[in-house]
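Below is one structure; the comments refer to it alone.
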Amino acid sequence: MTQPYELVIGIETHVELATRSKMFCACSAKWFGAPANSLVCPVCLGLPGALPVPNRRAIELAITAGLALNCTVPAHTKFDRKNYMYPDLPKGYQISQYDLPFNVNGWVEIETGGGPKRVRIHRAHLEEDTANTKHGEGYALIDFNRSGVPLLEIVSEPDMSSADEAVAYAMAVREVIVGAGLSEMRLEEGAGRYDVNVSIRFMEDGTQRWPPQSEIKNLNSYQAIREAVAYESERLWRDWHEGGEIRTRTGKVTVGWSPERHRTFLQRTKEDVSDYRYFPEPDLVRFEISPELVAKLKSGIPELPSQRRARFVRDYGLSDYDARVLVSDRALADFYEESVTAAGGEPKAVANWVTGEVLRYTKGNGGSIAKTKLRPQHIGSLVRLVKSGELSTTAAKDVFAEVWQSGQEPAAVVKSKGLAQVSDEAAIAAAVEAALAENPKAAADYRAGNTRALGALVGSVMKRMGGKANPAVINRILAERMRQP
Ligand SMILES: [Zn+2]
């Protein structure tokens, strides 16, 4: 069934930047898990007369984020007061940015069913996070530890047209922010949150209809984004057809998402921008961002996962799939590159090991390569032993299992377990003679053109050699011998 409307989606991504202290005071910004109201001072409690001092590191991280998201950094910027009353905002206003944000006009690329697509970023501005409210039966508790934590808000253009694209965008932004080391953006801790604006557009009686949108607040998992977009777009469509309030409403509504009930619920009808009565923050000076600072921050951005993926495909000849698997985990990608060096090249053989055995064992062990006894040198040795013919591919897997357990050098395991592959030509030739003498029918069949008979002969030779003979050498000697009368 095709969807009777077009989906139009824009996303605001909130990121708590990885600073040690808060945006405008010296309190620790590491609020998650701390005892309630233990990280507070007059500034972040909003007490009268307390003055904000901007956090230089937060500003640098905010600009770096913009640069990593392909934004332009305007030369002049400032903070503004966004005025509203809410229990989690003791000052009665939030210090944010209105018309002169730190970053404008960026983009990220996402993968869609129809190929790569650019989602434009309208702006990315810096503000302070609010306190945390915990609701109980008939009461609410407020924890001010989070109040004043530096928060970057990244606002996309409404460029996404499906739940899949919305999720791909959310993942792409997070990949850039985490990859550039600006925030760990732990979604389950609220250190990364998404507000998703959903609207539907369709033709009705020859007229294009585009009813007001819904803003779904504070989604903190990709699954929640996917489910909430699907639910809310269907709800808007149904509401329109049943002659509901959406036909008369002019502004957008704000809704929450209940992951337990798999549905949205109304929070409020949205204030207009003018309701916030923005004005320049009088306690802070304006900022001039020098081209030198921008250049310095830009040069400090590490290689991002998307760039690393492209380099793996280009320089190592890996498939896009393998490159994705490796780059999905920074430690794994580092391990891979160190293994290639240790193996003296062989990027594809190393990739087979890392995306195969290494990943399989690591997943069974909690998922972190750093917590295992395995070292890049081990993979390097295994690849070299197989390449030189000293170890068969099958035996190499047994050696790997032992290395994984004990952390021993592969060469030592090969020796102690007697797993070395035999490439001794005289020994193999002798076994070939014995196999031919024992299987005259197979030899005759092969000479008569039945190539499958060769398999039986190879098997017989291998059995005589205790399974350790180099199959390439067996095949070669056998083929040479069969050409003789
Ligand atoms: Zn404080």
What about ARG118, is it within 16 Å of the ligand (Cβ to nearest atom) and either surrounded by 22 or more Cβ atoms within 10 Å (Cβ to Cβ) or at pLDDT 95 or above (or both)? no
Those residues of the range 79-88 which are surrounded by 16 or more Cβ atoms within 10 Å (Cβ to Cβ) and not hydrophobic (A, V, I, L, M, F, W, C) amount to ASP80, ARG81, LYS82, ASP88
Anything in the range 186-216 that is surrounded by fewer than 18 Cβ atoms within 10 Å (Cβ to Cβ) and under 29 Å from the mean Cα position of the chain (by Cα)? List them, or say none. ARG186, LEU187, GLU188, GLU189, GLY190, ASP195
Do any residues in the range 111-124 that are under 15 Å from GLU175 (Cβ atoms) have Cβ atoms under 8 Å from those of residues that are open to solvent by less than 80 Å² (accessible area, probe 1.4 Å) and small (Gly, Ala, Ser), where the two are at least six apart or on different chains, and which pairs are they? GLU111/ALA168; VAL119/SER156; VAL119/ALA172; ILE121/GLY106; ILE121/SER156
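For the range 181-245, which strands (runs of 3 or more DSSP E) that fit wholly inside it have 3 or more residues that are among the β-branched types (Val, Ile, Thr) and within 21 Å of GLU6 (Cβ to Cβ)? Talk me through it step by step, then tell me what you get.
Working: elements: 192-204, 207-209, 214-219.
Ranges flagged: 192-204.
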How many of the residues in the range 9-23 are open to solvent by 10 Å² or more (accessible area, probe 1.4 Å) and more than 24 Å from the chain's Cα centre (by Cα)? 1
Taking the conditions exactly as written (buried (at least 22 other Cβ atoms within 10 Å of the Cβ), within 16 Å of the ligand (Cβ to nearest atom) and at pLDDT 95 or above), does ASP129 satisfy them or not? yes
Can you tell me which of (1) over 26 Å from ARG309 (Cα atoms); (2) at pLDDT 95 or above; (3) surrounded by fewer than 22 Cβ atoms within 10 Å (Cβ to Cβ) is the one LYS134 doesn't meet? (2)
Does any residue of the range 442-455 turn out to be out of contact with any helix residue (DSSP H, G or I) (no Cβ under 7 Å at 6 or more places or on another chain), surrounded by fewer than 20 Cβ atoms within 10 Å (Cβ to Cβ) and on the phi > 0 side of the Ramachandran plot? yes
Test PRO101 against the stated conditions and say whether it is open to solvent by less than 20 Å² (accessible area, probe 1.4 Å), assigned to a loop (DSSP other than H, G, I, E, B) and not β-branched (Val, Ile, Thr). yes
Please enumerate the residues belonging to the range 1-56 that are near the ligand (Cβ under 10 Å from one of its atoms), in contact with a helix residue (DSSP H, G or I) (Cβ under 9 Å, 6 or more places away or on another chain) and without any contact (Cβ under 8 Å) to a residue 40 or more places away in the chain. SER21, SER28
Being open to solvent by 10 Å² or more (accessible area, probe 1.4 Å) and more than 16 Å from the ligand (Cβ to nearest atom) narrows it down to one residue among ILE59, ILE63; which is it? ILE59
What is the one condition in (1) over 26 Å from GLN307 (Cβ atoms); (2) touching a residue at least 40 places away in the same chain (Cβ under 8 Å); (3) within 16 Å of the ligand (Cβ to nearest atom); (4) open to solvent by less than 30 Å² (accessible area, probe 1.4 Å) that LYS91 does not satisfy? (4)
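Working only within the range 392-412, note down all residues that are open to solvent by less than 40 Å² (accessible area, probe 1.4 Å), in a loop (DSSP other than H, G, I, E, B) and modelled with pLDDT of 85 or more.
GLY407
For residues that are within 16 Å of the ligand (Cβ to nearest atom) and either open to solvent by less than 10 Å² (accessible area, probe 1.4 Å) or of a type outside the set (D, E, K, R) (or both), tally how many sit in the range 139-168.
Filtering the range 139-168 for residues within 16 Å of the ligand (Cβ to nearest atom) gives 142-151.
Among the residues that remain, those that are also either open to solvent by less than 10 Å² (accessible area, probe 1.4 Å) or of a type outside the set (D, E, K, R) (or both) are: 142, 144-145, 147-151.
Qualifying residue count, the range 139-168: 8.
The values are calculated or read from the model by the stated rules, or taken from the named source; none is laboratory data. Predicted, not measured: the structure shown is a model, and the values here were computed from it. Note: ideal-geometry Cβ built from the backbone for every residue, glycine included; neighbour counts use all protein chains shown. Each accessible area value is taken on the protein alone, full model and side chains, heavy atoms only, with ligands, DNA and RNA left out. Shrake-Rupley method; radii C 1.70, N 1.55, O 1.52, S 1.80 Å.
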